[in-house]
2 protein chains.
Amino acid sequence: MTNTRTHPGRTRAVHVHPRDVRLITALTALADPVRLAIVRDLAGSTDWSRACGSFDVPVGKAALSHHFAVLREAGVLEQRDEGARRVNRLRRQEFDERFPGLLDLVLRDEPA
Amino acid sequence: MTNTRTHPGRTRAVHVHPRDVRLITALTALADPVRLAIVRDLAGSTDWSRACGSFDVPVGKAALSHHFAVLREAGVLEQRDEGARRVNRLRRQEFDERFPGLLDLVLRDEPA
């Protein structure tokens, strides 16, 4: 696990590299409609262009925070702080190397 | 959903064809160590050769029954009754058509 730099008053973002992620952790992370929506939306966005609050998902701030933590800890996405914003990128290449075909399947399937 | 013939005193086995299964249902079904063990073991067995009690998983009868129901309802496996035995087959081809690459990923990954 690696930690990003912290912003005052902000919880540190714990990351796990996909190579250290177990299959069940990856499947569980993707088996949720809110997290699927985030992943699909992120896949269509430029790296580091999307702040956490920019996703159109029907959950509150605490729940959203939890969903991002699950995705980080499953190696699906990476976050970094840019001033007051926490921005995201999909770990497309390294996740694909660890779980070939899984993101493709998730991205091409019908909306959840 | 289709039901198999029932055996006296036995719960009917509800099946769902993979084409009617949602992605999240399939991911959830596979995101469990007991169910992964069943799927992997079944993949190495001849169709209809394995009774439910023949899998080496550390759960009781009620829990095992639940795990098989989850797998049936996610289109992962099919069951039929042969006298007192309920036997299984992996729905390899039709599940692959619905979720290309997912079973391959699950079967080649490290043991859970």
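A few remarks follow.
- As for segment A:52-73, it holds no residue that is at positive phi and open to solvent by less than 70 Å² (accessible area, probe 1.4 Å).
- Tally of residues being open to solvent by less than 10 Å² (accessible area, probe 1.4 Å), within 14 Å of chain B (Cβ to nearest Cβ) and touching a residue at least 40 places away in the same chain (Cβ under 8 Å) across segment A:87-112: 5
- Every pair of residues 6+ apart whose Cβ atoms lie under 7 Å, when the first sits in segment B:26-42 and is facing chain A (nearest Cβ under 8 Å) and assigned to a helix (DSSP H, G or I) while the second is at pLDDT below 95 and surrounded by fewer than 21 Cβ atoms within 10 Å (Cβ to Cβ): B:P33/B:A112; B:L36/B:A112
- Among the residues of segment B:76-86, the ones that are open to solvent by less than 50 Å² (accessible area, probe 1.4 Å) and either basic (K, R) or under 28 Å from A:E97 (Cβ atoms) (or both) come to 2 in all.
- Residues located in segment A:74-112, provided they are more than 27 Å from B:V21 (Cα to Cα) and part of a helix (DSSP H, G or I): A:Q93, A:E94
- Within segment B:43-71, the residues that satisfy the criterion of being of a type in the set (A, V, I, L, M) and either touching a helix residue (DSSP H, G or I) at 6+ places or on another chain (Cβ under 7 Å) or touching a residue at least 24 places away in the same chain (Cβ under 8 Å) (or both) are B:A43, B:A51, B:V57, B:V59, B:A63, B:L64, B:A69, B:V70, B:L71.
The values are calculated or read from the model by the stated rules, or taken from the named source; none is laboratory data. Note that this is a predicted model, so its numbers are computed, not measured. We place every Cβ from the backbone using ideal geometry, glycine too, and count neighbours over all the protein chains shown. Surface areas here come from the heavy atoms of the whole protein model, side chains and all, with no ligands, DNA or RNA. Shrake-Rupley method; radii C 1.70, N 1.55, O 1.52, S 1.80 Å.
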